[in-house]
Amino acid sequence: METNEINAALKAAQINNALGFFIMAFGVIVLFAMIFTETFVEHMTDMVAGLILISIGGGMMWKAKSTIKKLKSKKE
Amino acid sequence: MLAGIDYFIVIAYIIGMLLLGLYFKKFVNSSEDYFLGGKSLPFWAIGMSIVVSDIGALDFVGVSGQAYRYGISVGNFDWVGSVPAMLLAAFIFIPYFWRGGMYTIPEYLGRRYNQKVRTIASVTWILFFALDLGVLFWASAVLLNVLMGWPIWISIVATAGVVGLYTYFGGITAVIMTDVVQFIIMFIGGFALVFLSLYEVGGWDNMVDKIATMGPEYRNHFDIIQPQDTKSPFPWTGILFGLTFVMANAYMIGNQSIVQRCLTAKNEWHAKASMIFGSALKMFIPILVLFPGLMAVVVHPGLEDGDQALPMMIKSILPPGLVGLMFAAFFAGLMSSVDSLLNSTATLFTKDIYEPFIKKGADDKHYLKVGQITTLVLLLIGVATSPISSDFPGIYVAIQTFMSYFQGPIFAILLLGIFWKRTTEWGGLSALVIGIGFAIYLNVFKEQFFTIEDPFLYISWWSFLLGFIINVVVSLLTKKHTEEQLKGLVFSSKILVENKKL
Amino acid sequence: MFNFDWLSGVSQETAKMIFLSLYALIGLLVLLLPTEYVYQGIAKEDRHWWNNLKLWSIAVLCILASIYNHF
């Protein structure tokens with residue numbers, strides 16, 4: 001891969017990392033909001049929504065981190 | 001007013017957006033980075049951004065309200081009103097703009113027709129976008145005022161501060177990536193709302209049965225195709241001619257903020273794929289905004305103002321946490337409309353007005369600075385003009401109506417420009433001017449011409465048709481362009497088979 | 001003329017068929033595009049069937065047609 005391409009991929013991975021963190025943080029807040037719910041259905045909705053957000057955000061961060069590691073080693 | 005955890009979520013969202021936007025500052029080093037994201041973005045982010053920028057918070061509430069009143073036919077706007085146009089854009093128009101290395105649509109019009117057409121199109125857009133900004137600031141302030149209890153002026157300054165900062169520093173990368181976050185949050189909140197509302201009304205079939213027994217005015221609520229003589233603004237003739245053939249195409253092909261997003265793609269495949277992926281996502285939008293409106297017919301029957309349907313459903317159905325998340329997505333919808341307008345207007349001004357007329361051939365850093373300063377100036381104009389909205393409450397609708405006058409004629413000159421070699425500069429110019437004039441005339445005397453309440457679909461079709469005919473007739477009467485002038489600007493079957501750059 | 005009253009004789013069912021045939025026509029046009037054109041931008045060795053934008057378009061059109069068929 002050329003340096004330009006590596007830099008572009010690195011940029012994309014850094015962006016995904018930031019987005020992933022943001023989405024995961026929201027997932028944690030929604031999960032935390034479970035303690036304010038009253039009925040079982042509300043409880044489950046917050047839990048499922050929170051877990052989905054955490055897994056999307058976490059997944060994006062994990063993928064981005066591994067890409068960054070790979071690209072940095074290639075650069076050196 | 002929101003309280004507790006929901007209040008906290010909206011605040012966290014606003015601060016998070018600001019931080020995220022500022023983080024993108026490190027990716028902006030040239031004017032191409034600022035206006036086209038360094039041509040490095042992936043299709044999925046652009047696709048999500050196209051979908052999100054299309055539904056601001058106002059449309060979100062408006063569509064649910066219309067679904068409450070008119071039923072499922074409102075979904076036509078996201079279904080037939082998107083997919084065919086997005087496929088046409090993906091396979092024919094976007095590759096041309098992409099290969100030509102363009103930044104704006106007026107830039108294409110300038111190369112294909114002449115500088116006058118480019119300037120008219122660009123100046124009109126800049127004026128309307130700038131006016132629209134003030135209206136959107138006001139709408140955001142009212143929303144924050146209702147949700148958080150903040151005074152109007154503090155709300156305006158807060159919105160302008162957050163959106164302004166991330167757009168100023170991050171350019172279009174920040175605009176698109178904040179849209180991605182909004183998309184994910186909106187979809188999760190929206191699906192939770194649909195799921196819980198279905199649970200509340202006892203399932204889909206139960207809801208259909210209940211609505212069917214509610215009276216004759218609900219008889220057509222589940223017909224996507226409305227008869228030609230319907231009382232709703234969506235007869236099938238309007239949907240086919242006005243929406244599918246003209247407005248949808250004008251929106252997806254002739255709208256700077258949409259096309260500019262596609263041009264940020266990392267290669268031609270990603271540019272095309274972003275549109276097609278966007279069209280797939282677009283088909284889910286009615287589920288999120290239309291179904292809650294329909295279910296509100298059962299849960300909250302007899303609402304006087306249909307636009308109350310969605311906020312009421314969110315408050316009565318969603319659990320704490322998700323209420324905040326949905327309202328944060330609402331607010332984000334407004335922010336994304338504002339940031340698109342800011343960035344697109346700055347691009348139009350820098351590329352179509354500043355570069356050709358004020359300072360030609362300056363270095364790239366200079367144009368980057370001009371783009372950023374224009375963003376800042378627009379922000380100030382928006383804040384200063386926002387109180388106009390409170391004095392003239394109908395102004396948002398008025399601006400949207402004015403914008404719709406351009407759709408037909410603009411699409412007519414784009415379509416003929418790209419598909420017909422014989423179209424000339426005078427054909428394009430006269431079609432633009434006469435087409436817009438005709439649309440204004442039809443709208444002023446709409447009671448005399450039309451039987452339906454709000455005939456914007458019909459007006460766009462007839463003004464398109466007239467623009468089209470004028471363009472053909474005048475072009476045939478004037479001197480044709482040389483092959484050299486048209487190189488890379490007119491569609492030929494060669495583009496499909498040859499692999500070379502235009 | 002402006003109100004399309006000359007189309008008032010067309011029933012809702014026929015109108016629905018017009019929309020469905022429009023989708024079929026678009027699908028056909030998409031299929032006619034050269035495969036090379038829809039892959040443009042991806043290096044020859046990286047092209048897979050899931051990058052084929054024709055398949056994406058046909059899938060989207062099928063979902064769209066089924067919505068209009070159902071309602």
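Rule-based calculations on the coordinates, nothing more; no lab input. Bear in mind the structure is a predicted one, so any value in this text is a computation, not a measurement. A quick note on method: Cβ atoms are made from the backbone with ideal geometry, for glycine too, and the neighbour counts reach across all protein chains shown.
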(request) Just tell me the longest site-free run in chain B, where the sites are GluC sites (Glu not before Pro) in a DSSP loop having at most 16 other beta-carbon atoms within 10 Å. (result) B:1-303
(message) Could you derive backbone 3J(HN,Hα) for the stretch B:178-188 from the dihedral phi with the Karplus parameters 6.51, -1.76 and 1.60 (θ = phi - 60°), listing whole Hz in sequence and x where the residue is Gly or Pro?
(response) 5, 4, 4, 4, 4, 4, 5, 5, 5, 5, 5
(message) Taking loop as defined by DSSP and a crowding limit of 10 other beta carbons within 10 Å, which trypsin sites (Lys or Arg not before Pro) in the stretch B:81-188 fit?
(response) none
(message) Straight-line reach from B:K116: which lysines fall under 24 Å, measuring Cα to Cα and dropping same-chain residues less than 8 apart?
(response) B:K351, B:K359, B:K360, B:K421, B:K479, B:K480, B:K487
(request) With viscosity set to 1.002 mPa s and temperature to 20 °C, compute the Stokes-Einstein D of the stretch B:31-90, Rh being the Kirkwood radius across alpha carbon pairs; µm²/s, no decimals. (result) 156
(request) Excluding residues on the same chain fewer than 8 positions from A:K11, give the aspartates and glutamates whose Cα lies under 17 Å from its Cα. (result) A:E2, A:E76, B:E32, B:D33
(message) If R₀ is 60 angstrom, what is the calculated FRET efficiency for the pair B:Q448 and B:F284, using the beta carbon separation as r and rounding to 0.05?
(response) 0.90
(message) Which residue, B:L147, B:G254, B:S53, has the largest displacement toward the positive end of the dipole of the stretch B:4-391 when charges sit on each Cβ (Lys, Arg +1; Asp, Glu -1)?
(response) B:G254
(request) Would you mind checking which residues have amide H under 5 Å from B:Q226's amide H? H placed 1.01 Å from N; only 5 or more apart, or other chain. (result) B:W236
(message) Sequence gap at least 6, Cα distance under 8 Å: using those rules, report the relative contact order of the stretch B:4-391 to the nearest whole percent.
(response) 42
(request) Kindly state, as a whole number, the per residue volume in cubic angstrom of the convex hull around the alpha carbon atoms of the stretch B:394-496. (result) 118
(request) Using label points projected 7 Å from each Cα along Cα→Cβ, tell me how many nm separate B:F357 and A:K70, to one decimal. (result) 5.0
(request) Compute the relative contact order of the stretch B:394-496 as a whole-number percentage, counting only Cα pairs closer than 8 Å that sit 6 or more residues apart in sequence. (result) 44
(request) Would you mind computing the Rg to Rh ratio of the stretch B:301-361 from its alpha-carbon coordinates, Kirkwood style for Rh? (result) 1.36
(request) Rank these for me by crowding, B:D223, B:D179, going from fewest to most other beta carbons within 10 Å. (result) B:D223, B:D179
(message) Take B:R99 and B:V123, extend 7 Å from each Cα along the Cα→Cβ direction, and tell me the distance between the two endpoints in nm.
(response) 3.3
(message) Test of understanding: ordering C:L55, B:L334, A:L31 by Cβ neighbours within 10 Å, fewest first, what list do you get?
(response) C:L55, A:L31, B:L334
(message) Quick check on chain B: take the gyration tensor over C-alpha atoms, sort the square-rooted eigenvalues as a ≥ b ≥ c, and tell me if it's rounded (a/c under 1.5), prolate or oblate.
(response) oblate
(message) Is the C-alpha gyration tensor of the protein assembly as shown telling us rounded, prolate or oblate? Criteria: a/c under 1.5 is rounded; beyond that, a/b larger than b/c is prolate, otherwise oblate.
(response) rounded
(message) Give me the one-decimal nm value for the distance between modelled label points at A:F36 and B:I469, 7 Å along each residue's Cα-to-Cβ direction.
(response) 6.0
(message) Quick check on chain C: what are the equivalent-ellipsoid semi-axes from the Cα gyration tensor, as sqrt(5λ), descending, whole Å?
(response) 36, 14, 8
(message) Could you derive backbone 3J(HN,Hα) for the stretch C:9-18 from the dihedral phi with the Karplus parameters 6.51, -1.76 and 1.60 (θ = phi - 60°), listing whole Hz in sequence and x where the residue is Gly or Pro?
(response) x, 7, 6, 4, 5, 5, 4, 4, 5, 4
(request) Could you please rank B:D205, A:D46, B:D33, B:D229, placing first whichever residue has the fewest other Cβ atoms within 10 Å of its Cβ? (result) B:D205, B:D229, B:D33, A:D46
